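Novice: Got a structure for you, written out below as structure tokens; questions coming shortly.
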Amino acid sequence: MVRLLKSVLIIFSFLFLCVTVVFAEDITITTYYPSPYGSYNALQTNRLGVGDNNADGVLNSSDVPGTNGDVWVSGHITMGYQVVTVTIPSTYDIGWYTCDCPAGKRALGGACSGSGVSYTYIDAGGAGYHCYKNNQFAGNWQIQAVCANML
């Protein structure tokens, strides 16, 4: 009787192991910290550093302020922008022409389209974008300035 009970127990154990192998599943959980992409309803921090604030060429903890409530930003902060366009008729003389940004905004960049444009730049104060027209008969062309709110 004991021998029969052992045999039955061994058979059931074997069947139980076989059934668990047949129904085994793999679950993979992948997490990212910090999240590489996402949309957040709220974000709160004590200190915030954006970019290479100490200009050492490396992003590390020395680019974050040491005082709670401080924010360090390497570069410019912009909130909203608008594109301003000026059309220069072909009858205008050779020379510099400017597309000025509205008050309270500064130029982040720009473009000059049309033939006969040889030099472009943003003025030092960021008030506008400048293009040099080098041919009076080049046809109409445009200057565009990308203007952002100043903070």
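The values are calculated or read from the model by the stated rules, or taken from the named source; none is laboratory data. Values in this document were obtained by computation on a predicted structure and should not be read as measured data. All Cβ positions, even for glycine, are placed from backbone atoms using ideal geometry, and neighbour counts span all protein chains on display.
Novice: Yes or no: S113 modelled with pLDDT of 80 or more and within 30 Å of L43 (Cβ to Cβ)? So that I can check it myself, show each step before the final result.
Specialist: Working: modelled with pLDDT of 80 or more: yes; within 30 Å of L43 (Cβ to Cβ): no.
No: the conditions fail for S113.
Novice: Among what's in the range 52-68 and is of a type outside the set (S, T, N, Q) and in contact with a helix residue (DSSP H, G or I) (Cβ under 8 Å, 6 or more places away or on another chain), pick the residue that is surrounded by the most Cβ atoms within 10 Å (Cβ to Cβ).
Specialist: The extreme case among them is D52.
To keep it simple, each residue is scored yes or no on (1) touching a Gly at 6+ places or on another chain (Cβ under 9 Å); (2) modelled with pLDDT under 85.
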position: A55; (1), (2): no, yes
position: V64; (1), (2): yes, no
position: N68; (1), (2): no, no
position: M79; (1), (2): no, yes
position: Q82; (1), (2): no, no
position: T91; (1), (2): no, yes
position: I94; (1), (2): yes, yes
position: C101; (1), (2): yes, no
position: K105; (1), (2): yes, no
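Novice: On to the next question. Condition (residue is within 23 Å of the chain's Cα centre (by Cα) and either outside any strand (DSSP E or B) or among the hydrophobic types (A, V, I, L, M, F, W, C) (or both)) applied to the range 120-128: is it met by at least one residue? If you could, list the steps in order and put the result at the bottom.
Specialist: Of the residues in the range 120-128, the ones within 23 Å of the chain's Cα centre (by Cα) are 122, 126.
Those still in the list that are either outside any strand (DSSP E or B) or among the hydrophobic types (A, V, I, L, M, F, W, C) (or both) too: 122, 126.
Yes, the range 120-128 contains a residue that is within 23 Å of the chain's Cα centre (by Cα) and either outside any strand (DSSP E or B) or among the hydrophobic types (A, V, I, L, M, F, W, C) (or both).
Novice: Working only within the range 129-151, note down all residues that are small (G, A, S) and not in a loop (DSSP other than H, G, I, E, B).
Specialist: If we filter the range 129-151 for residues that are small (G, A, S), which is where we start, we get 138-139, 145, 148.
Across the range 129-151, the qualifying residues are A145, A148.
Novice: Hey, can you tell me all the residues within the range 119-140 that are closer than 20 Å to P89 by Cα, out of contact with any Ser or Thr (no Cβ under 6 Å at 6 or more places or on another chain) and surrounded by 14 or more Cβ atoms within 10 Å (Cβ to Cβ)?
Specialist: Correct list: T120, Y129, K133, N135.
Novice: Residues of the range 96-140 being touching a His at 6+ places or on another chain (Cβ under 6 Å) and hydroxyl-bearing (S, T, Y), which ones?
Specialist: The answer is T98, Y121.
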